[in-house]
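Notes to accompany the following structure.
The values are calculated or read from the model by the stated rules, or taken from the named source; none is laboratory data. Just so it is clear, the model here is predicted, and its values are computed rather than measured. Please note: Cβ atoms are built from the backbone with ideal geometry, for glycine as well, and neighbour counts cover all protein chains shown. The protein model used for the area step is the full one, side chains on, heavy atoms only, and it has no ligands, DNA or RNA in it. Shrake-Rupley method; radii C 1.70, N 1.55, O 1.52, S 1.80 Å.
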Amino acid sequence: MLIDIFESEFKIEVIKNKLFELFPNPKSELIFKNNFELLIAVVLSAQCTDKRVNLITPNLFKLFPNSKEMAKAEIYEIEKLLASCNLYKNKSKYLIELSKQLENNFNGTVPLNQKDLMSLSGVGQKTANVVMLESIGANLMAVDTHVFRVAHRLGLTNSKTPEKVEQDLTTIFKKDLGKLHGAFVLFGRYFCTAKEPKCNNCILINECKYLN
């Protein structure tokens, strides 16, 4: 559910401008060289920090640089590489299965539309949207834990699910959604943190409902 959207158009523009001032060119902190690496990294990032994923992927991609090679991997080989990642057993299965699906259904190429991406194992709407906005600059919002928290604290939504929050933010902002996603993520990661948010030094303190 949107909150005061019509009376908050000025506030919405202020939030957008301030976030872009703080993060003029927000990019994912995941490290990747191509769309396959991007897809794998985003799948691994679920309930795991980007920092941890970036420690795991160099060895993973050295041994399995593409879907053809990863599709042939044994599950124990992947599990060993992912052991320090949350949910590593499930994610190991996803990586092998989605690699097989890429080979069998998409000629080894990562599809860049939501429907096809979401047909892959371990890929939900958030993951699909992140892949598209990072790869081709798609005008899409993706809602992770940071975006969800910041949107609620700023009073932009009171919806209870990431999918509903995505709908609300898409309706509110309409344009520059991929860039906004990146700014929301970085703002939530470094300023509007879950514990002990840096409210005293926050550029959005006047727009925030967390302390007001």
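General remarks:
- Calculated from backbone phi, Karplus (6.51, -1.76, 1.60) coupling profile of region 22-35 in Hz, x at Gly/Pro: 6, 10, x, 9, x, 9, 4, 8, 5, 9, 7, 10, 7, 5
- Estimated FRET transfer efficiency (residue 201, residue 97; beta-carbon r; R0 41 Å; 0.05): 0.35
- Counting only heavy atoms of the protein chains and using a 1.4 Å probe, residue 191 has close to 60 Å² of accessible surface.
- Percentage of interatomic Cα-Cα distances in region 117-212 larger than 24 Å: 21
- Theoretical gain in end-to-end length, residue 106 to residue 52 [0.36 nm per residue, Cα-Cα removed]: 16.5 nm
- Take region 32-168 with all the other protein chains still there, run a 1.4 Å probe, and you get 48 Å² of accessible area per residue.
- Our estimate of slack between residue 66 and residue 161, defined as 0.36 nm per intervening residue step minus the Cα-Cα distance, is 30.9 nm.
- Helix axis angle, 88-106 relative to the chain longest principal axis, alpha carbon, degrees: 80
- Structure-derived Cα extents along the principal axes in Å - corresponding label in (i) 51, 44, 32; (ii) 40, 37, 32; (iii) 55, 32, 29: (iii)
- Listed by chain and number, the lysines whose alpha-carbon sits under 20 Å from that of residue 100, ignoring those within fewer than 8 places in the same chain, are 62, 68, 72, 80, 89, 91, 115.
- Ordered by 1.4 Å accessible area with all protein chains kept, 15, 136, 75 run largest first as 136, 75, 15.
- In straight-distance terms, cross-link reach from residue 195 covers every one of the lysines whose alpha-carbon lies under 27 Å from its own, apart from those fewer than eight places away in the same chain; here that gives 11, 16, 18, 27, 51, 126, 160, 164, 179, 209.
- Probe 1.4 Å - accessible area at residue 76, Å² to nearest ten: 150
- In the chain, helical runs assigned H by DSSP with n ≥ 4 each contribute -39500 (n - 2.57); averaged across all residues and rounded to the nearest 500, the mean residue ellipticity at 222 nm is -17500 deg cm²/dmol.
- Inter-probe distance in nm under a simple model that places probes 7 Å from Cα toward Cβ, at residue 84 and residue 115: 4.1
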